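The values are calculated or read from the model by the stated rules, or taken from the named source; none is laboratory data. Note that the structure is a prediction, hence the values are computed from the model and not measured. Note that we place each Cβ from the backbone using ideal geometry, even for glycine, and neighbour counts take in every protein chain shown.
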Amino acid sequence: MKLHPIVEAVTRRIVERSRAARSAYLEQVDAMAARPPGAQSMGCANVAHAFAGLPGADRFRIVEQKAPNVAIVTAYNDVLSAHAPLSRYPDILKDEARLQGATAQVAGGVPAMCDGVTQGAPGMELSLFSRDAIAQGTSIALSHDMFDAALMLGVCDKIVPGLLIGALHFGHLPTVFVPAGPMTSGLSNTAKAKVREQAAQGLVGRKELLAAESAAYHGEGTCTFYGTANSNQMLLEAMGLHVPGTAFIHPGDGERELLTRQAMRSVLAITRAGRFAPIGRVVDERCIVNAMVALLATGGSTNHLIHWVAVARAAGMVIDWDDFSALSAVVPLLARVYPNGSADVNQFQAAGGPGYVIRELLAAGLMHGDVLTVHAEGLQAFTRIPQAEGGRLLWREAGASGDQSVLRPASEPFSATGGLKLLAGNLGRSVIKVSAVPEDRHVIEAPARVFDSQEALLQAFNDGALERICQESAAGGVVCVVRWQGPRANGMPELHKLTPPLAVLQSKGFKVALVTDGRMSGASGKVPAAIHVSPEAGCGGPLARVRDGDLLRLDASTGQLDALVDEAEWHARPVAPMPQALQQANSRGFGRELFAGFRRHALSAEEGACTWL
């Protein structure tokens, strides 16, 4: 199928925009790749230190036989259910390396925090910046420079982008990503959301809420809703950085260990065949566009409008929200997975999963098929689904959708356009996830109520103040503005806990919306939310001009985000400063002092919130 002209045009635009930076990056990749392996070029004391902890046979393989040595970078901890299975992976991978006549070492571990644990708590203010800390940790691990290839073990929200950014700074190494898969289905996402809304209204107590949450999050594996963690896995499949079809196989399934072993075989195959496919070459402009298309086609996490901008920059490429917007206009929505549907990722996988989505997008000319991947067959291999037979891995064709309420063909999509929209106006540039928002809520025009923190909004809801505002408003609603939530203000935490109270107001018939320079993640759901507003209020952005009662208009159909205030008055208004008490609160305790430099140097959300540029 011929490539869609808009996909082709966006790719060409990215190539032209990135030409100088990408050329410089690839020169560095080639220079690093041309050097002799570390074990052959380093001093004897260096080599001895690097391999002192290895069994004698492994040392012999590396030093005498010059066998490949593979770095394992792991994000294991057992606070994250998705990462708990990773404790077993290094031994499996080392065993497989020996079977293949190679060696492997755990080069380093990186931090991995669970956003589900820190939602609404001070620790969430470290979450976004943990991505760059993970990238730095990955670089530290690989800086030993004793490796011929690398395996990245990680799954969740900031971890995969951080590992990917770090790996791209060692772009000369062949690299494969190794996930652990989702937990089995527990309490449905729909039932969980209902209990959360009941708790927000005081209809159930802590005991009932904890029981529901524990039934939803109940074992090893990734959370089963289609948030940032599972969007990560979809994007890695679309980029060809996994063993094909690895993303959504359960940790306990028979295929999982076989797929983990295959990851070692795949990275060694690239290394030994001399096939020039280091990660810095695999992740090119076409690969990045494929990831963007896959995100839009599945209604994935809005976090990736930040993270994949940063990923692209790490490989010398520049993308922006205009690129996402142009693609969203032509990429159909093929999946309905919670929060933009009722199914979970296990149902998504059963219906055909990433293999089905990638096949449909390739057939429709919406993805680049002529890309390098970690599999010799290229992206076509990622249209298949793995299964175990007789202790061996086989891949079968995805076939027709197993459930058209979850996955549809590109010829009969849920929507003709993607699940994300760009908003712009005198309030700045923003994005909205519309795939889960009812059609009659795509346009909200109502008076503003300004909050300086998410706690203040929750208090106003609990006090009944928000409902009274809605009742008294001629528009029958309110636009809640939550500012001082950008990268420089407080690290840009997710505001996931705001969804239930706003959903309660919406269910009562009020027109409500959220406008914020913070994040909502994959949890962005049925309440219209203009998020990532840039420039942020903390940098003098327009949200610092908004006052209670200003009429605001959020129009997802036209891409409008405006304060309907006289233009002269608007520009004459002083920019409100961030309250001193808030500044102090955001910079103390929970390790936030250590991240002062990150806050000070962070770029805008649209620039990837990068702290290293």
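Do we have any residue at all in segment 8-19 that's touching a strand residue (DSSP E or B) at 6+ places or on another chain (Cβ under 7 Å) and assigned by TED's automatic domain parsing to the domain that holds residue 228? Among the residues of segment 8-19, not one is touching a strand residue (DSSP E or B) at 6+ places or on another chain (Cβ under 7 Å) and assigned by TED's automatic domain parsing to the domain that holds residue 228, which makes the answer no.
Among the criteria (1) farther than 30 Å from residue 375 by Cα; (2) in a helix (DSSP H, G or I), the one residue 186 does not fulfil is (2). Among the conditions (1) assigned to a helix (DSSP H, G or I); (2) of a type in the set (A, V, I, L, M, F, W, C); (3) more than 21 Å from the chain's Cα centre (by Cα), residue 395 misses just one, which is (1).
Summed over segment 525-542, the residues that are at negative phi and outside any loop (DSSP other than H, G, I, E, B) give a count of 9. Cβ separations smaller than 7 Å between residues 6+ apart or across chains give the following pairs from segment 44-58 residues that are under 14 Å from residue 105 (Cα atoms) to residues that are of a type outside the set (Lys, Arg) and part of a loop (DSSP other than H, G, I, E, B): 50/144; 50/146.
Among the residues here, residue 316 qualifies as on the phi > 0 side of the Ramachandran plot and in contact with a helix residue (DSSP H, G or I) (Cβ under 6 Å, 6 or more places away or on another chain).
Looking only at residues in segment 342-356 that are out of contact with any Ser or Thr (no Cβ under 6 Å at 6 or more places or on another chain) and under 24 Å from residue 262 (Cβ atoms), the one that is surrounded by the most Cβ atoms within 10 Å (Cβ to Cβ) is 348. Regarding segment 432-445, can at least one residue be identified that is of a type outside the set (Lys, Arg), crowded, with 19+ Cβ neighbours inside 10 Å and modelled with pLDDT of 95 or more? Within segment 432-445 (the criterion being of a type outside the set (Lys, Arg), crowded, with 19+ Cβ neighbours inside 10 Å and modelled with pLDDT of 95 or more), the answer is yes, since at least one residue qualifies.
Residue 371 meets all of the listed conditions (1) in contact with an Asp or Glu (Cβ under 9 Å, 6 or more places away or on another chain); (2) within 17 Å of residue 404 (Cβ to Cβ) but one, namely (2). Count of segment 193-240 residues, restricted to those that are part of a loop (DSSP other than H, G, I, E, B), over 15 Å from residue 181 (Cα atoms) and under 24 Å from the mean Cα position of the chain (by Cα), is 1. Evaluation of residue 372 against the conditions (1) of a type in the set (A, V, I, L, M, F, W, C); (2) in a helix (DSSP H, G or I); (3) more than 20 Å from residue 180 (Cα to Cα) shows that the sole unmet condition is (2). The condition (being more than 30 Å from residue 504 (Cα to Cα) and surrounded by fewer than 14 Cβ atoms within 10 Å (Cβ to Cβ)) is satisfied by just one residue among 384, 392, 408: 392. Exactly one residue among 20, 102, 97 is without any contact (Cβ under 8 Å) to a residue 24 or more places away in the chain and among the aliphatic types (A, V, I, L, M), and that residue is 20.
In segment 142-160, how many are more than 24 Å from residue 235 (Cα to Cα) and of a type in the set (A, V, I, L, M)? The total comes to 1. It is to be established whether one or more residues within segment 270-286 are under 19 Å from the mean Cα position of the chain (by Cα), on the phi > 0 side of the Ramachandran plot and in contact (Cβ under 8 Å) with a residue 40 or more places away in the chain. No, the conditions are met nowhere in segment 270-286.
The sole residue among 161, 111 that is in the same structural domain as residue 256 (by TED's automatic domain parsing) and without any contact (Cβ under 8 Å) to a residue 40 or more places away in the chain is 111. Candidates in segment 414-423 are the residues that are touching a helix residue (DSSP H, G or I) at 6+ places or on another chain (Cβ under 9 Å) and buried (at least 19 other Cβ atoms within 10 Å of the Cβ); of these, the one that is farthest from residue 226 (Cα to Cα) is 422.
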